[in-house]
C-alpha cells in the first residue's frame with residue numbers, strides 16, 4: 001500500500017538539479033533587494049527615533065496652551081481697540097458747538113441761562129433776567145448775529161413770561177445753526 005501512495009517512481013533516483021544562470025541572477029537580485037529594503041527600513045527607523053518630531057509636538061502643544069490662556073486677553077484687547085476706534089470716529093465726525101455757544105454767551109451780560117437743549121441744527125434756550133432791558137439787549141445782539149449769518153440762520157422767540165409777584169422775566173428762544 002505504501003507503494004501506491006508514493007508519487008515518485010521507486011526505481012528512479014532523485015537528482016538535485018543545478019541552478020541555471022538566470023536563476024542565480026534572480027536569486028542575487030532578490031537577496032540584494034531584501035538587503036536594500038531592510039537597510040532602508042532601519043535607516044528610516046533611526047531617523048524617526050532621532051527626529052525632532054516629539055519635541056515639535058510638545059512645542060506645538062505649549063503654543064496652543066499659551067494661545068488658549070491668552071485668548072481672553074486678546075479678546076479684551078480687540079474690544080478695547082474697536083471701542084477706541086469708534087470713539088475716535090465719533091470725535092472726528094461730531095459737530096463742534098463751541099463757537100456757536102461762545103457767540104451766545106458773549107451776548108448774555110446780565111442774563112442767566114436756565115436751560116439749554118442742543119440738537120443737530122437747533123439750540124433751544126431758556127434765559128432769565130431781572131430786567132426786560134437786558135433781555136432786549138440780548139435779543140438785539142442775537143438778531144444782528146442772525147442777520148450777518150454768523151453761525152445762525154434763524155431765531156424764534158417762543159415765549160416771554162414772568163411769575164406773579166416776582167421781578168424775574170423768562171424768555172425761551174430757538175436758534176437754528178448753519
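The values are calculated or read from the model by the stated rules, or taken from the named source; none is laboratory data. What you see is a predicted model, and the numbers here were worked out from it, not measured in a lab. Every residue, glycine among them, receives a Cβ derived from its backbone with ideal geometry; neighbour counts consider all protein chains shown.
Of (1) surrounded by 11 or more Cβ atoms within 10 Å (Cβ to Cβ); (2) in a helix (DSSP H, G or I), residue 158 satisfies all except one. Which?
The number of the failed condition is (2).
Condition check: outside the structural domain of residue 156 (by TED's automatic domain parsing) and farther than 24 Å from residue 164 by Cα. Does residue 70 satisfy that?
On the way: outside the structural domain of residue 156 (by TED's automatic domain parsing): yes; farther than 24 Å from residue 164 by Cα: yes.
Criteria met by residue 70.
Do you know which residues across the range 135-176 are out of contact with any strand residue (DSSP E or B) (no Cβ under 9 Å at 6 or more places or on another chain) and within 17 Å of residue 103 (Cα to Cα)?
Filtering the range 135-176 for residues out of contact with any strand residue (DSSP E or B) (no Cβ under 9 Å at 6 or more places or on another chain) gives 136-137, 140-141, 144, 147-150, 164-167.
Across the range 135-176, the qualifying residues are 136, 137, 140, 141, 144, 147, 148, 149, 150.
Conditions tested, residue by residue: (1) part of a loop (DSSP other than H, G, I, E, B); (2) within 46 Å of the chain's Cα centre (by Cα); (3) farther than 15 Å from residue 176 by Cβ.
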| position | (1), (2), (3) |
| --- | --- |
| 103 | no, yes, no |
| 125 | no, yes, no |
| 128 | no, no, yes |
| 133 | no, no, yes |
| 137 | no, no, yes |
| 141 | no, no, yes |
| 145 | no, no, no |
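Identify, from the list 95, 18, the residue that is over 40 Å from the mean Cα position of the chain (by Cα) and outside any helix (DSSP H, G or I). Write out each step before concluding.
Numbers: 95 fails: over 40 Å from the mean Cα position of the chain (by Cα).
Within the list 95, 18, the selection yields 18.
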